[in-house]
Amino acid sequence: MPQTTLSKKSEYLNAGSFSRVTPFNLELARYDLKLKRDKTTTLQVNVGLHCNQACRHCHLNAGPGRVENMQPDTLDAVVDYASRVRFGTVDITGGAPELNPHITDLIERLSPLTSTLLFRSNLSALNDGKHDQLMSLLTDHRVVVLASFPAINASQTNSQRGSGIFDVSIDALRKMNALGYGRQGSGLQLNLVSNPTGAFLPPSQDQTEKRFRKVLKDKWGVFFNNLYSFANVPLGRFRQWLVRSNNLDMYLEKLAAGFNPCAVSSVMCRTLVSVSWDGILFDCDFNLAAGIPMGGRKIHVSEMTGPPGEGAPIVTADHCYTCTAGSGFT
Amino acid sequence: METYYKPEDLLKFGEVGKEAPELAKKFFDYYAAVFAEGDLSEREKSLIALAVAHAIQCPYCIDAHTQSCLEKGSNPAEMTEAIHVATAIRGGASLVHGVQMRNISEKLSM
């Protein structure tokens with residue numbers, strides 16, 4: 001497949017008012033830092049933008065109306081790539097990956113090619129009554145599940161993710177616990193991902209994990225292994241909401257004010273390569289959402305003979321402040 | 001419209017140290033130490049601060065501590081409960097003085 005030069009600036013750059021924040025690359029230069037790729041250890045596979053939910057913080061603008069889904073030929077190319085490179089971690093995401101019709105095939109083929117297979121779930125797609133077999137498959141292959149669970153409070157969860165999602169999520173977590181997920185000694189990891197339910201930064205990960213662990217156990221009898229607390233990325237539907245609510249500049253300034261030069265060395269884009277539903281490579285899922293391909297030009301996964309080159313520069317934009325605010329984004 | 005309270009002034013708080021930097025440093029160091037994790041969590045301290053901010057009706061404090069409560073992981077239901085605690089104490093402080101009224105009234109009345 002021919003390499004295509006990036007012909008247009010990402011559309012997100014035009015959304016919203018002009019920000020007063022210093023461009024990210026200039027902020028890096030101020031500290032004499034350059035963002036370059038390290039050894040790539042993780043392959044992230046975005047199997048599509050189709051989702052049963054339309055979360056207000058979604059940086060990909062995924063939702064029920066999106067039809068983009070990874071097709072079998074691209075899926076084959078991804079599996080071939082994972083076979084050639086043998087990444088330590090393969091991370092399946094979406095949209096709702098449950099809704100890609102080829103998802104079981106992908107899990108079965110990727111599982112033997114990596115030591116850690118991750119599956120990101122919004123919980124409601126997994127618990128829609130049609131995916132019990134997928135739950136069993138995840139269990140059989142000892143796939144690590146990363147479940148979106150923003151708050152231990154129904155109104156905040158539902159305002160971010162949709163009406164009724166909190167109850168469905170609790171029910172899904174209980175089912176996963178019944179399969180052994182999140183239970184001590186089972187080896188089946190169930191990790192929660194919590195994003196703030198608005199234009200503010202996330203609380204301390206350690207404190208949040210302690211609180212969620214206690215409340216989920218005491219109130220609903222739910223168990224999990226780890227919790228990751230991530231800031232929302234000002235892209236996609238979340239950026240549109242920031243613009244509409246007149247919060248964009250304030251939010252970007254807040255992220256930029258939290259710039260931590262020490263976090264730059266450990267941002268995920270240095271060790272991860274993300275493949276979109278149509279097989280194009282990106283430095284991370286956020287550059288994928290922004291339409292900024294790896295190296296600034298579209299390269300198809302089938303063209304890759306090995307991992308991305310160490311030392312290659314990473315294209316940045318203002319959303320990169322999300323990953324360098326405070327202690328960083330892993 | 002001109003107003004004594006401007007949201008952007010909150011960001012200028014540090015400027016009060018210009019004429020008395022040593023006192024300002026002592027205050028801000030103390031302030032940071034008060035809000036650090038202790039036997040009470042940072043989240044709990046932010047909820048107390050939010051309640052006090054409403055009791056003293058300080059717009060700057062309400063703005064700052066609403067944000068800090070959200071960023072420490074509290075939700076609007078918890079924050080509303082905290083404000084009701086402040087309201088109950090303020091209301092109770094008025095009402096309990098009714099005992100003085102009763103004492104004086106009883107003393108003066110037949």
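Here the Debye sum runs over all C-alpha atoms of the stretch A:19-109 as equal scatterers in vacuum, and log10 of I(q)/I(0) at q = 0.24 Å⁻¹ comes out as -1.09.
For chain A, the mean residue ellipticity at 222 nm estimated from helices alone is -9500 deg cm²/dmol, where every DSSP H run of n ≥ 4 contributes -39500 (n - 2.57) and the total is divided by all residues, rounded to the nearest 500. At a Förster radius of 60 Å, what calculated FRET efficiency corresponds to the Cβ-Cβ distance of A:His141 and B:Val16, to the nearest 0.05? The computed FRET efficiency comes out at 0.50. All C-alpha pair distances within the stretch A:288-330, sorted into 10 Å bins from zero, spread as 21, 46, 29, 4 percent across the bins. Remark: for residue pairs A:Lys219/A:Lys254; A:Lys219/B:Lys72; B:Lys25/B:Lys45; A:Lys39/A:Lys175; A:Lys214/B:Lys25, the C-alpha separation exceeds 26 Å in A:Lys219/A:Lys254; A:Lys39/A:Lys175; A:Lys214/B:Lys25.
Using Cβ point charges alone (K and R +1, D and E -1), the dipole size of the stretch B:39-110 about the Cα centre works out to roughly 380 debye. Multiplying the residue separation of A:Ala54 and A:Met250 by 0.36 nm and removing their Cα-Cα distance gives an extension gain of 68.2 nm. Projecting the Cα positions of A:Asn246, B:Ile104, A:Gly309 onto the charge dipole of the protein assembly as shown (unit charges on Cβ atoms of Lys, Arg, Asp and Glu, taken about the Cα centre) puts B:Ile104 furthest along the positive direction. Each of A:Asp128 and A:Ser111 was given a label point 7 Å from its Cα along the Cα-to-Cβ line. The distance between the two points is 2.2 nm. Panel values: the stretch B:39-110, Kirkwood radius from alpha carbon pairs, Stokes-Einstein at 4 °C and 1.567 mPa s, translational diffusion coefficient 94 µm²/s. Among A:Met268, A:Met176, A:Met250, whose mean-square fluctuation peaks in a Gaussian network model of chain A (Cα, cutoff 10 Å)? Highest fluctuation among the options: A:Met250.
Please compute the Kirkwood hydrodynamic radius of the stretch B:54-94 from all pairs of different C-alpha atoms, in Å with one decimal.
It is 10.8 Å.
Assuming 0.36 nm per residue, please report the length gained on full extension of the stretch A:Asp171 to A:Arg84 beyond their Cα-Cα distance.
Net length gain for the segment: 27.4 nm.
Over chain A, all Cα pairs binned in 20 Å intervals from 0 give whole-percent P(r) values of 32, 61, 7, listed from short to long. When Lys and Arg each count +1 and Asp and Glu each count -1, what net charge do the other residues less than 12 Å away from A:Gln189, Cβ to Cβ, add up to? Here the charged neighbours net out to +2.
A dipole drawn for the protein assembly as shown from +1 and -1 charges on Cβ atoms has a positive end, and of A:Asn46, B:Leu95, A:Val168 the residue lying farthest that way is B:Leu95. With springs connecting C-alpha atoms under 10 Å apart, model chain A as a Gaussian network and identify which of A:Gly296, A:Gly311, A:Gly180 has the largest mean-square fluctuation. Of the options given, A:Gly311 has the highest mean-square fluctuation. Given R0 = 30 Å, the distance between the Cβ atoms of B:His84 and A:Leu33 translates into a calculated FRET efficiency of 0.05. Ranked for footprinting exposure by Cβ neighbours inside 10 Å, fewest first, B:Glu22, B:Glu44, A:Glu98 give B:Glu22, B:Glu44, A:Glu98.
Annotation: aspartates and glutamates with alpha-carbon distance below 18 angstrom to A:Lys298 (same-chain offsets under eight excluded): A:Glu11, A:Glu68, A:Asp73, A:Asp278, A:Asp283, A:Asp285. Note on B:Ser105 and A:Ser302: their simple-model spin labels are 9.0 nm apart, each label 7 Å out from Cα toward Cβ.
Just checking the listed ones, B:His84, B:His54, B:His97: in the Gaussian network model of chain B with Cα springs under 10 Å, the one fluctuating most is B:His97.
Taking amide hydrogens as placed 1.01 Å from N in the peptide plane, the amide H of A:Gly48 sits under 5 Å from those of A:Met70, A:Trp277, each at least 5 positions away in sequence or on another chain.
Its residues counted as N, the stretch A:204-316 yields a C-alpha radius of gyration over 2.2 N^0.38 Å of 1.36. Toward the positive end of the charge dipole of the protein assembly as shown, with +1 on the Cβ of Lys and Arg and -1 on the Cβ of Asp and Glu, the farthest Cα among B:Val85, A:Gln205, B:Leu70 is that of B:Val85.
The numbers here are math on the coordinates, done by the rules we state, and not lab data. Being a predicted model, the structure only gives us computed values, none of them experimental. Neighbour counts run over all protein chains shown; Cβ positions are idealised from the backbone, glycine included.
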